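These notes are about the structure you will find just below.
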Amino acid sequence: LCSRCLCVQQHQYAFYDAPKTWTEAQSYCRGTCIDLANMEDMKEMDMVLKAVGDDYSDAVWFGLQTGSTRTWHWSLADKDFYEEGEDDYLKWGSKSGYNCGVYDNGELHLGCTDYRHSVCFDRTKHGVDQYILYPERKSWTAARDFCRKTYTDLVSLRNDAEYQTVQDLVNGTALHVGLFRDSWVWSDMTDSSFRYWQEKQGGYTSSLEYCAALLKTESGKWGDRNCTEAHPFVCKCITETRKVQIIKLRISQQKESMLDLNEPAVQNSILEQMKLKMSENISEVNNLQWRSSWDGKVFIKQPA
């Protein structure tokens with residue numbers, strides 16, 4: 001049993017209804033908070049939508065603007081999901097000017113607007129059960145929205161094993177995966193690949209004079225607007241810095257034990273025992289919870 005401490009910055013999103021151009025809003029957020037809002041995933045996107053509410057009539061600026069270079073990303077933006085080199089392990093077949101990834105017979109091809117089947121990924125499951133073939137034909141953006149709403153996201157292909165898993169699942173069918181290319185950059189220079197564009201736009205190409213905005217008519221999905229337009233805006237602000245204690249736990253089992261340490265009931269039981277033991281020396285134990293790896297597992301079996 002060992003532990004370490006780290007400080008975690010808590011943040012919130014603040015909505016300002018005074019219309020400004022995108023550059024003016026950026027300057028205001030940097031002077032008052034941290035920067036214009038950026039989002040890493042749907043959880044943070046929902047936080048932004050909650051902060052904004054219905055208090056706008058057309059569009060709301062946040063911290064995304066067009067850059068000069070198109071870059072490939074995976075739709076699933078969590079950096080902890082990828083080992084070194086896995087986020088750009090791309091096995092190309094044919095390439096053209098399109099900006100979305102299509103998997104076909106072990107290789108990546110391109111096409112965004114074509115209506116195809118798709119493969120979703122579910123981080124709450126394990127093994128091959130994480131890969132779900134979605135048989136309804138959709139555009140890339142619509143397929144991404146479905147996978148996010150129902151599972152985690154469109155599938156990422158990080159290594160040869162995942163290419164083979166998807167190959168076995170689809171049986172030669174060309175379909176959408178979570179790869180896309182765009183030139184958008186975040187105001188605070190983070191490299192999040194999270195996107196939430198309206199389907200009819202997609203966000204793959206745009207003029208350098210355009211910035212991203214939440215659109216009222218699209219229930220908060222994104223569209224591009226000329227950066228010189230004046231709109232309300234949302235900032236990202238630090239609310240507090242809290243101390244987090246990370247405890248690394250090693251458990252030894254008898255060889256004949258059939259206990260699965262990754263079963264939720266088993267983990268809950270271990271957690272309760274830890275709380276009881278820790279309360280002997282600590283007056284109050286708050287928010288004790290497991291940390292899972294990218295595949296949803298808490299415990300990893302070490303080789304004998």
Let me confirm something: among Y196, Y151, which residue is within 24 Å of Y131 (Cα to Cα), assigned by TED's automatic domain parsing to the domain that holds C100 and in contact with a Lys or Arg (Cβ under 6 Å, 6 or more places away or on another chain)? Y196
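Out of S207, S193, which single residue is part of a loop (DSSP other than H, G, I, E, B) and modelled with pLDDT under 90?
Details: S193 fails: modelled with pLDDT under 90.
The conditions single out S207.
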In the range 219-256, which residues are modelled with pLDDT of 75 or more, among the polar types (S, T, N, Q) and in a loop (DSSP other than H, G, I, E, B)? S219, T228, S252, Q253
Under 6 Å between Cβ atoms, which residue pairs at least 6 apart in sequence (or on different chains) link something in the range 256-278 that is over 22 Å from R123 (Cα atoms) with a partner that is among the hydrophobic types (A, V, I, L, M, F, W, C) and outside any helix (DSSP H, G or I)? K275/V285; K275/L288; M278/V285
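Check A51, A59, A37 and return the single one that is of a type in the set (A, V, I, L, M) and at pLDDT below 95.
Details: A59 fails: at pLDDT below 95; A37 fails: at pLDDT below 95.
Answer to the selection: A51.
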Could you check, for the range 159-181, whether at least one of its residues is outside any strand (DSSP E or B), touching a residue at least 12 places away in the same chain (Cβ under 8 Å) and within 18 Å of the chain's Cα centre (by Cα)? no
Are any of the residues in the range 279-296 among the β-branched types (V, I, T), surrounded by 11 or more Cβ atoms within 10 Å (Cβ to Cβ) and modelled with pLDDT of 75 or more? no
Residue check, D260 modelled with pLDDT of 80 or more, over 24 Å from G101 (Cα atoms) and not assigned by TED's automatic domain parsing to the domain that holds E44: yes
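Considering only residues that are in a strand (DSSP E or B) and of a type in the set (D, E, K, R), look in the range 11-36 and name the one that is farthest from L214 (Cα to Cα). Give the steps one after another, and end with the answer.
Initial filter on the range 11-36 (in a strand (DSSP E or B)): 11-20, 35-36.
Checking the rest, the ones that are also of a type in the set (D, E, K, R) come to 17, 20, 35.
Values: D17: 13, K20: 14, D35: 16 Å.
Here the residue is D35.
Every residue, every condition in (1) closer than 13 Å to R158 by Cβ; (2) buried (at least 19 other Cβ atoms within 10 Å of the Cβ); (3) of a type in the set (D, E), yes or no:
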residue: Q65; (1), (2), (3): no, yes, no
residue: K79; (1), (2), (3): yes, no, no
residue: K91; (1), (2), (3): yes, no, no
residue: L108; (1), (2), (3): yes, yes, no
residue: V119; (1), (2), (3): no, yes, no
residue: R137; (1), (2), (3): no, no, no
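The values are calculated or read from the model by the stated rules, or taken from the named source; none is laboratory data. Since the structure is predicted, the reported quantities are computational estimates derived from the model, not experimental observations. Heads up, the Cβs are rebuilt from the backbone with ideal geometry, glycines too, and the neighbour counts pull from every protein chain shown.
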